[in-house]
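Questions regarding the structure given below will be posed in turn.
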Amino acid sequence: MSKKMSPRKLAASRSAFKRAKRSIPGGVNSPVRAYGSVGGIPPFIESAKGCRIRDIDGNEYLDYVGSWGPMILGHSHPKILAAVREAMKHGTSFGAPTERESVLAESIRRVLPSVQKLRMVSSGTEATMSALRLARGVTGRNRILKFDGCYHGHSDGLLVGAGSGVATLGIPGSPGVPKAMTDLTIVAPFNDLVATRKAFERWGKDIAAIIVEPIAGNMGCVPPLPGFLKGLRNLCDEFGAILIFDEVMTGFRVARGGAQRLYKVKPDLTTLGKVVGGGLPAAAYGGRRDLMDRIAPEGDVYQAGTLSGNPLAVAAGTVTLELLEADGVYEKLARSSETLVTGLSKIAEEVGVPLSTRHVGGMFGFFFHEGPVNDFAQAQQSDAAAFKCFFGAMLDEGVYLAPSSYEAGFVSLAHGPRALAETLEAARKALTRVAQMR
Ligand code: KE4
């Protein structure tokens, strides 16, 4: 079992959290890390190696967050550390072109043939924001369509909630997001082609793009229903809109070639992040050459970034993609996810807790919900109290899950049979606790 104190000591994280809150909103640099929906003190991390992460109180956990996806090879992979150390010898940032950027771009293009050209940026938010500006620039249209429960970063037009109704104009998802922005964002239910078509019949000639997570990973793990992605492709072709696959999470995670390869649907633009930076800040957007040639300085659609293509991030990303070229990588990741979710389902059935599990390649999810979850409304019906109980019990047993039922889980190549067995042992105790709570 992971080396953990029982009960876990949290004194150091508790005081670190108190200190952090004096300087940083909520004590964290990204909201989900504050454990708001699960309560308790977020472990402050000291280090991580392979599939295990250690906090500053000395508790060790099996990690299924993996920095929200990038750590597909496991933490502190020696070849990634070596590549970054080697790159650092030459400097950390130049703000000028380097050959390394072309090497990474060519690696991405080899794996994603729909990406004929791409631009590196520093975050998934930048990637999706830029792809949408490009779509609006080339079509001359203003509206975009996204799906309820899908998250594409925090740019204004994408921080929208769904209004009441089938396909509605977005409502500001946060103070500070102008209604004028969200009025241009249409929100439809994920996996609902009828609603999406209705939106096009109403606003079609002004819809510049559809942006979609081809496998939703921000409402839990929710795969597309058969025909959904192909239906989006057909709608975009029919109405002259750009199809953007946000593969920030799924790219290099679910298959070599991402979800677009898995489901054999070709988007016009793709956004990437997480794995392509190997754990350092790098992301990208790219696609059809005729579209990407409209990006400055070749074209007139402006986008820029001080640290875009940063040599250290490019070094980490390049080695990561090289290591993912090895035979059998995605089969191993898929087998690990399969072992995990099959085991979870079996235990849940034995202890009498309704659990709906999903997995695609190296990402997985589970809902405390009877029957499958195919959209955000169903995801919202899952039992939040049961998730909170399960999450806390798993943490106490040394398993580090995403602190929200609206997140996906990630395995890495470092999660071997022993780690998976330990996880399922912990899950039996945690699910038993959930059963007793209900
Ligand atoms: P970033 O700006 O956080 O690099 O990427 C935004 C983004 C875009 N598209 C998809 C599909 C994403 O999942 C994300 C970010 N994912 C979240 C986890 N669900 C990042 C974690 C966080 O916000 O702290």
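Out of Phe368, Asn191, Ile144, whose Cα points farthest toward the positive end of the dipole of the chain (charges: +1 Lys, Arg; -1 Asp, Glu; placed on Cβ)?
Phe368
Determine, for each peptide in 408-416, 156-164, 84-92, the mean count of other beta carbons within 10 angstrom over its residues, then list the peptides with the highest first.
Values: 408-416: 24.2, 156-164: 18.8, 84-92: 12.8.
Highest-to-lowest ranking by the protection proxy: 408-416, 156-164, 84-92.
Could I have the simple spin-label model distance between Glu99 and Thr432, label points 7 Å from Cα toward Cβ, reported in nm to one decimal?
Distance between label points: 6.1 nm.
Taking every DSSP beta bridge that has both residues in segment 78-323, what percent is antiparallel when rounded to the nearest 5?
45
Still on this model: Using Cα-Cα distances under 8 Å and only pairs 6 or more residues apart, what relative contact order does segment 204-277 have, in percent?
On the way: 109 pairs, mean separation 23.9, N = 74.
Computed value for segment 204-277: 32 percent relative contact order.
Of all DSSP beta bridges in the chain, what percent run antiparallel (nearest 5)? Spell out each step's value before the answer.
Working: 29 of 47 bridges.
Bridges in the chain are about 60 percent antiparallel.
Can you list which of the DSSP-assigned H helices in the chain have a Cα extent of 20 Å or more along the long axis and an average Kyte-Doolittle score of at least -1.0? Mind dumping the intermediate values first?
Details: long enough: 124-139 (22 Å, 0.18); 329-351 (33 Å, 0.01); 417-437 (30 Å, -0.12).
Qualifying helices, which must be both long enough and hydrophobic enough, are 124-139, 329-351, 417-437.
So between Val166 and Ala82, what do we pick up on full extension, going 0.36 nm a residue minus the alpha carbon distance?
25.1 nm
Would you mind working out the magnitude of the charge dipole of the chain relative to its Cα centre, with +1 at each Lys and Arg C-beta and -1 at each Asp and Glu C-beta, to the nearest 20 Debye? Please report the intermediate quantities before stating the final value.
Working: 52 positive and 41 negative charges, 135 e Å.
Once rounded to the nearest 20, the dipole reads 640 debye.
Next question, about the same structure. With a 1.4 Å probe and all protein chains left in place, how much accessible area per residue does the chain have, in Å²?
Values: 18260 Å² over 438 residues.
That works out to 42 Å² per residue.
Still on this model: Mind checking Rg over Rh on the chain, alpha carbons, Kirkwood formula for Rh? Spell out each step's value before the answer.
Working: Rg = 21.4 Å, Rh = 22.3 Å.
For the chain, the value is 0.96.
Which three lengths, in whole Å and largest first, does segment 78-323 cover when its Cα atoms are put on their principal axes?
Cα spread of segment 78-323 along its principal axes, largest to smallest: 56, 34, 34 Å.
At 1.4 Å probe size, put Arg438, Arg256 in order of accessible surface, largest to smallest.
On the way: Arg438 135, Arg256 80 Å².
Putting Arg438, Arg256 in descending order of accessible area: Arg438, Arg256.
Only Lys, Arg, Asp and Glu count, each charged at its Cβ (+1, +1, -1, -1), so figure out the dipole size of segment 78-323 about its Cα centre, rounded to 20 debye. Before the final figure, lay out the partial values.
Working: 29 positive and 22 negative charges, 79 e Å.
Roughly 380 debye for segment 78-323.
Using the alpha-carbon centroid of each, what span in Å lies between segment 195-253 and segment 386-438?
32
The values are calculated or read from the model by the stated rules, or taken from the named source; none is laboratory data. This structure is a prediction, so every number in the text was calculated from the model and none was measured. So basically every Cβ, Gly included, is an ideal-geometry build from the backbone, and we count neighbours across all protein chains shown. Accessible surface is based on the protein model in full, side chains and every heavy atom, while ligands, DNA and RNA are left aside. Shrake-Rupley method; radii C 1.70, N 1.55, O 1.52, S 1.80 Å.
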